[in-house]
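First the structure, in the form of structure tokens, and then the observations on it.
Taken together, the values in this text are just the output of simple stated rules run on the coordinates, not laboratory data. In this text, all values refer to a predicted model and were calculated from it rather than measured experimentally. Ideal geometry is used to build each Cβ from the backbone, glycine not excepted, and the neighbour counts take in all protein chains shown.
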Amino acid sequence: TALEKRGNSTTMSTPQLILKQRAELLAVLCGGGSAEPLDCVLDLLLAWEVLVWEDYLSIQVAEKALNYKVRQLLDVVYDKGEDACSCLLAAMNQVLPEEQKAGLCFGEECAVVGKNRPDTATLTLLADRPVLVRKLRDNIDGALNVLLTTDCFTIKDCDVVQLPVYTPSQQTTRPNPEDKENHPSANCMLYQKKLRSSVAAQSHTLSTYGGTGHFSLDDIYTDGLLEVMDGSGETTTLGLEDVVGPVGTLNDDADTFLVSGEAGSGKSTLLQRLHLLWAREALLTNIFLLFPFSCRKLNAEHRELSLKELLFLHCCWPDRGQDEVFQFILDHPNLVLFTFDGLDEFKQGFTDEERHCCPTKQVPIPVLLFNLLQGTLMKGVMKVVTSRPQAVGPSLKRYLRKEVLLKGFSPGGIDCFVKKHHSDPAMARRVIESLQANSVLLSLCHIPVFCWIVTKCHQELLGSQDGIPQTITDVYLLVLQHFFQRKSYQPQGVLGKAWLEEHLDTVLKLGQLALESLEASCYVFSGYELQRIGLTEQDVSMGFLIYCNDLSVTDCKRYEFLHITLQCFFAAFYLVLNRNSDRSAIYRLFQPKNKQLSGLSQRCLGHCIDSSVEGVKSHVTETPNLQITAQFVSGLLSQRHHNLLQECCPTAVRERKAKQVVKSLSKGMQRHFKSIPRPVEGEKKSMHAMPSFVWLIKCIYEMQDSSIAQDTMAKLDVEHLKLTYCNIGPVECTALAYVLKYLRNPVGLQLDNNSVGDVGVEQLLPCLHICHSLYLRNNNISDEGIRKLLEKGMKCERFQKIALFNNNLTDACTQHFAWLLKSKQNFLSLRLGNNNITSQGAEQLAEGLSSNQSLQFLGLWGNKIGDRGAEALADALRNSTTLIWLSLVDNGVGSAGASALAKLISQSKTLEELWLNKNCISREGVECLIEALKMNSSVKEVWLRGNNLSPEEEEELSKQESRLTF
Ligand code: ADP
């Protein structure tokens, strides 16, 4: 590079300067979240030929966060050596404002020497880039016009150029008069008032309580469990107010917040709560205008609309100053929030292929929606989107600021919900007691929509002769009975045995509507569609269909099912009971995508299995719904409901369909088993479950036929079953245990990073005897869950290892572990890291350890056992002839603890690794350890990083004993 150096030279080379100041350089280039400084630096480096175009592209990766790009820049330049580094520092020196340069060292001053003018236009564009950017910035429209009229650019090229992904400083160059900034006009205020009141009216009641009129959202809303995962996989629990807060942000450049959760986990309700609180000025108070949208309703909009029309037609019409209000919205993206409920129900899968950024141009709804989500249109407006996780593919993920997981109710939440639902405390108590007496039912209640049904149908539940519901099919049969009962003229509680037969006509018609519309991703129906199927007013009055609650301006009434799961239930009924359906309908429901035939229903039904494997774009929406439908089909065809269906469906037909289900499930499972790779030599044969594995297991569970479970599992031969990050909650645990208990050979069951909880742990007990290891890291488990687990575990001969890192354990669980250790002399590994165990807990554990002669691994990283705890453990372990590995990292252990551990070292013949990082051990403690190590030959490593020692002491001590690592 043509560089000429001037001034005094400093001692450090420029690459060194860049390395040393990396954190600071990163901070100034990312500070404020604006990409502007980075862009300007890049312009200069391109102009100076420090970077070639390929370098530039490797830095400016569209979907990457700003800090990634800056790091990439620093790496690329560093690799290029001294001259390039000098130029980078010079460019930063030129670009950054004075106040940001304080404290930074830019090395020797350098200047670019004038080069020969480039001889091609392309090179000129590069050489003059910084100047061109400055000059063209405010005249971009004029430039584009010229390019258009001279045919150099197409309209599409112009669109790409005009994407308003403006950095904040660019935004200031747009017309945005300061005086408007914080003073909305009277018309805007008026509009806000109107919007608030219509949002409040729309969100005041829950649709599932619509007909009863008893409850407002305030009366019944119960907080769900919200979690967010950071880049490293750590989860944090959130409150409603944090949904759009900073915690868990993954991509600073994006403005879309995703709330994901399974059907019925409460996503729509959460959004509704957010709307209501905004309308009352109780939350999101910095948001001036909130526009709520429902994706299922947007499906019905076939016109092309501009952004302006979308907002005003679908949400709220400004009575005065339309243009002024819209201009305010355009000028103040940071004061506006859009919500989109149920992206998974939007007919078209997300793509970012078509760019659109003009707020007044009419385009099809998908184009509008997707460009809003990407931030191509209305950059800076916050968007909150809800969806089931399956519908969120990688192309959407890169536009997400963060993803919040909604995991349904906690056990406390269930109690709270039941109490809110039943104003009579005695009744609430009875319902809660009946739930606690039946853990399967309790586990179902973690999903709010099931909790709603169970609570609503308490009468049928408490007085049921058919036993307590075990499956979701049972629960939905309850709700069916409940609704028919409500409308029947018979006295309460008496619904004739043949109730289904009596209402068969209604069920079939609703079933047809449900199935046909699921296949077409349609969730909202016009009166005409109802008529076509023959649904009468009386059918509608049963309550399964409700009027759409809608802010938009339409003349005709529209209907939807009370909940999507109910639509799936009716669809399943139709598949089971419809005598005219073709013979392969059931097979197709369970079939993988590539084996489908043509035709409407085939097209959709076939997506049931593992569409996630391939890039299915537009029909991902049906997959989860058809999976739920398949689950209900399995349940309805179960032998248990034989009596119910007897009069409605000839036995031979029912049996044929049931056989088809069993065959499909068995085939589906085999496909999974075949995918298990051969074990690497020396490693266990392991299966990492694919997404549909848990679904197949749930279908088998719905059938409630142990021989099916047994037959399926007989073919599975693995030593390790990995189901991490699979959304496994209590309901899934019930199904898993039901099936896995039939495994022939013992397995390690790895369920890390799910939401098993205490109730889920209880559900797993039936398969504990087949587990040699249980991994439950990060699963919201508390002492009570452990009590139940170990009570059973003590009796399971094969159960030898448990990992419980990052749960909610306290000293109250350690006595149970002590008992386990005392009574099970083949237990090998106990890992309790990142819980809340103190010295007391350690003392309890020690009691168990002193009479155990089998434990090899003990991990307590990240607890608070202190010196006292360490002393107790060391004492107890002195006689151990099995312990190989001990971790007391980050436990507040000082020299007293270390000297107790030294005694353990001096006696142990088996211990190989001792982990003591991040404690407060000083020289004195380490010297004890060194003394002890002199007498020990088994120990290979003692880790002591991050203790109370100076670097000099560390150096000196490690010379004395090479097995110490500082
Ligand atoms: P999703 O949108 O995830 O499918 P919904 O929000 O529609 O789930 O919830 C289904 C039903 O469950 C609601 O109609 C309501 O009866 C009940 N429900 C869900 N979340 C809550 C909550 N936080 N408080 C009270 N009830 C809830």
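Assorted remarks:
- Stretching R137 away from E784 to a fully extended chain increases their span by 226.5 nm, per 0.36 nm per residue minus the current alpha-carbon distance.
- Remark: spin-label model distance L462-A520 equals 4.4 nm, labels positioned 7 Å along the Cα→Cβ axis.
- Percent RCO, i.e. relative contact order, over the range 432-481, from Cα pairs under 8 Å lying at least 6 residues apart: 35 percent
- Cα principal axis extents for the range 315-368, largest first, Å: 36, 22, 21
- Global form of the range 407-538, assessed from the alpha-carbon gyration tensor, a/c cut-off 1.5: prolate
- The protection proxy used here, the mean number of other Cβ atoms lying within 10 Å of each residue, ranks peptides 795-802, 279-286, 307-314, 512-519 as follows, highest first: 512-519, 307-314, 795-802, 279-286.
- Using θ = phi - 60° and Karplus 6.51 cos²θ - 1.76 cosθ + 1.60, couplings along the range 202-209 (whole Hz; Gly, Pro as x): 6, 9, 5, 10, 8, 4, 5, 10
- Amide H within-cut-off set for R798, under 5 Å, with H built and near neighbours excluded: none
- If you take the alpha carbon atoms of the range 187-299 and fit the smallest convex hull around them, that volume is 144 Å³ per residue.
- Taking all Cα pairs closer than 8 Å and separated by 6 or more residues, the relative contact order of the range 357-469 comes to 18 percent.
- Using R0 = 56 Å, the C-beta based FRET efficiency linking S675 and D331 works out to 0.55.
- Across all C-alpha atoms in the range 845-922, the radius of gyration and Dmax reach 11.1, 32 Å.
- Under 22 Å from K69, Cα to Cα: lysines that are on another chain or at least 8 residues apart: K20, K80, K101, K379, K397, K402
- Cα-based Rg of the chain normalised by 2.2 N^0.38 Å, two decimals: 1.08
- Inter-label distance, nm, simple model (7 Å from Cα along the C-beta direction), T360/I546: 4.0 nm
- Multiplying the residue separation of L125 and Q72 by 0.36 nm and subtracting their alpha-carbon distance yields 16.7 nm.
- Added length on full extension, which subtracts the Cα-Cα distance from 0.36 nm per residue, L148 to N438: 97.3 nm
- By average C-beta atoms within 10 angstrom, highest first, the peptides 881-892, 391-402: 881-892, 391-402
- Sequence-distant residues sharing a close amide H with C771 (under 5 Å, placed H): V747
- Long-range HN-HN contacts of F257 with modeled amide H, under 5 Å: K383, V384, V385, R401
- Cross-link pairs K420/K698; K741/K801; K659/K685; K419/K487 - those with Cα-Cα distance over 20 Å: K420/K698; K659/K685; K419/K487
- Take the Cα of C416, step 7 Å toward its Cβ, do the same at K934, and the gap between the two points is 6.1 nm.
- Computed over the chain, the per-residue total of -39500 (n - 2.57) for DSSP H runs of n ≥ 4 gives a 222 nm mean residue ellipticity of -14000 deg cm²/dmol, rounded to 500.
- Under the criterion of Cα pairs below 8 Å and six or more residues apart, the relative contact order for the chain equals 6 percent.
- Protection proxy ranking, peptides 253-266, 682-695, 85-98, average beta carbon neighbours within 10 Å, highest first: 253-266, 85-98, 682-695
- Using θ = phi - 60° in the Karplus curve 6.51 cos²θ - 1.76 cosθ + 1.60, the 3J(HN,Hα) couplings for the range 317-334 round to 8, x, 6, 9, x, 3, 5, 5, 4, 5, 4, 4, 4, 5, 7, 10, x, 6 Hz; x is entered for Gly and Pro.
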